[in-house]
Amino acid sequence: MKSQNVQEWTTSDVIEWLKAYQIFEKYAESFLENDIDGFALLNLTDEELKTDLKVTDENDLKEFKTCIRKLVALWVRFGRQSEAYFRE
């Protein structure tokens, strides 16, 4: 990823992050079609995940929310020093 600052991630960076989680790879096309960048990723609502991004499986939805919360928490805690954490 080009930037450790999640808010600065491009849509391509978000797709790379999705692909790091194999269960999310199937949603990459929806994220691409909806031009989800880092700022949008951090601000996704349940409704947007379900409706716009077609995350209808409840287990996937729960996992998405958990991973996004972890991403936000790591970014807030470690900021620009956290490149290794974002690649987990």
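A count restricted to segment 23-49 and to residues that are polar (S, T, N, Q) and modelled with pLDDT under 95 stands at 2.
Going through (1) exposed (fewer than 12 other Cβ atoms within 10 Å of the Cβ); (2) under 20 Å from Lys70 (Cα atoms) one by one, Leu41 falls short only on (1).
Scanning segment 11-27 for residues that are farther than 12 Å from Ile68 by Cβ, surrounded by fewer than 15 Cβ atoms within 10 Å (Cβ to Cβ) and either without any contact (Cβ under 8 Å) to a residue 60 or more places away in the chain or not hydrophobic (A, V, I, L, M, F, W, C) (or both) turns up Ser12, Lys19, Gln22, Ile23, Glu25, Lys26. I'd like to verify a number: residues in segment 28-49 that are out of contact with any Leu (no Cβ under 7 Å at 6 or more places or on another chain) and of a type outside the set (Asp, Glu), how many? Qualifying residue count for the region: 10. Pairing residues of segment 40-59 that are at negative phi with residues that are assigned to a loop (DSSP other than H, G, I, E, B) and not hydroxyl-bearing (Ser, Thr, Tyr), at Cβ distances under 6 Å and at least 6 apart in sequence or on separate chains, gives Leu49/Val55; Asp52/Asn34.
The values are calculated or read from the model by the stated rules, or taken from the named source; none is laboratory data. Every value quoted in this text rests on a predicted model; they were computed, and no experiment measured them. Note: ideal-geometry Cβ built from the backbone for every residue, glycine included; neighbour counts use all protein chains shown.
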